[in-house]
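Some notes on the structure that comes next.
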Amino acid sequence: MNRDFSKIKESVASWGDIRQLLRGGEQGQLVPVVIPKDRRGFAWMTLIFLALYFAGMAALTDFTVSAALAALFFLLIALITMWRKAIIEIEEGTTGVRSRWGAITGTLPPGRHYLWLPWDRVDAVVDTSTEIPYSAPIVACPTAENVPLKSIEFFLKFRIVDPVAFVRTIGAGNFDLVLSSAVQDAIRQRSRRVNTERAYDLRGSDVGDMQDALNRQLGRYGVRVTGSNIPDVQLPDQYQQHLATREKVAKELSAYEREWELTRKRRIDTLLMEIERSKKTRDARVVEVKAAHNTARKDVARMLEEQETEAQRVTWEIEARGRAELTSAENEAKALRRLAESYRDNRAVLQYELARKRLDVGAKLAENAPQPLVVRTQQGQADSALSTLLLAQLLPRISGTGAGQVNGRTPSA
């Protein structure tokens, strides 16, 4: 393995270079802390003195207007310069450590700030949001059998959570030494608990206990380890050859086991297919038997239903015939009863009809019977020959036409 330990350092740079150093590092080294150069200076005081000088000239000499304008101009330039130099911009994801007369007084969050007093300054800008990667390849780590491993690569990520504690307590340069020592000690303790033949198990193994131990050691410096793992382990060359032979034998054994496993699975699959085929045949026969049974039950049910329907039809016909005969007899009896009641209720009508028919018969008989003719004459007068002659002429007419009784007097001669 040709990889070396990651290096952590702090740099001094102008405000324009802080972003590049915190994000990209410097010459392959990690830079979590940058000490900014103070760019304010005391040039504005010169402008203040010039403004005071021209103000004195305006007060003591005859150049009042021009000297006053010059004093105002230099005063305005001094104020603008002082305002521009007092602006401090802290980048997002970083924290500024503020000091006064060299003593740390607090932190500055991301954004724009104003430091008006010249003895207020930013001692350091610390990256507090980025998880900084750190790689540590440890060489000659002895195992439980005291066999030195060729190397173990340990990778971790840490983040500065308390910039004041980090800057005040240890600093980036010293932290690099402390971190490398702590990582080496943790890796060697882990390798001492592992047998050589199981050294490769360290790759990707759980290193939560190591991470907790590192957090306990580094927590006092305001640093927290957020993740760690062992990406690679290298065994000694001789032991690697020994493991290669064992691995070859293990591979051959594994190949034979796989081949036997495949043969066994093939036989099991064949038996399972035969069992499934037998089950399908059995299920098909069961289905046929059930279908035949259902068909027979349907035929029997249909035959019983037909017989029941026929019996019901005969019963209904007999009942209908009896009901019809009974209804006819009842209707006939009702008709006779009503006829008797009609005869009984209409006896007077029948008697009236009989009397009327008798009168009709009598009238017809009276019409066909001979009618007498009575000729009335005046009392006290004898029949004359003329009246007798007239009667003799009228009698045939009257008897031929069937006239009724003629009443009247004989005309006088």
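Read-outs: derived from the displayed coordinates by stated rules, not from any lab. On a predicted model such as this, the values are computed, not experimentally measured, just so you know. Here Cβ is always computed from backbone atoms with ideal geometry, including for glycine, and neighbour counts include all displayed protein chains.
Do the alpha carbons of any pairs in Lys150/Lys251; Lys9/Lys37; Lys7/Lys150; Lys265/Lys290; Lys9/Lys157; Lys37/Lys157 sit beyond 27 Å of each other, and which pairs?
Those over the limit are Lys265/Lys290; Lys37/Lys157.
Express the relative contact order of region 132-237 as a whole percentage, based on alpha carbon pairs under 8 Å and six or more residues apart in sequence.
The value is 41 percent.
Kindly list the residues of region 181-206 that lie in the label zone of Ala144, defined by a backbone N under 19 Å from the point 7 Å along the Cα-to-C-beta vector.
Within reach of a label on Ala144: 186-206.
Place a point 7 Å from the Cα of Ala250 along the Cα-to-Cβ direction; which residues of region 127-162 have their backbone N under 20 Å from it?
Answer for region 127-162: 143-153.
Sequence gap at least 6, Cα distance under 8 Å: using those rules, report the relative contact order of region 8-127 to the nearest whole percent.
RCO, region 8-127: 24 percent.
With each pseudo-label sitting 7 Å past Cα toward Cβ, what's the Asp17-Thr281 distance in nm, one decimal?
9.0 nm
Treating cross-link reach as a plain straight distance, find the lysines whose alpha-carbon is under 17 Å from the alpha-carbon of Lys357, omitting any fewer than eight places away in the same chain.
Candidates past the 8-residue exclusion: nothing left.
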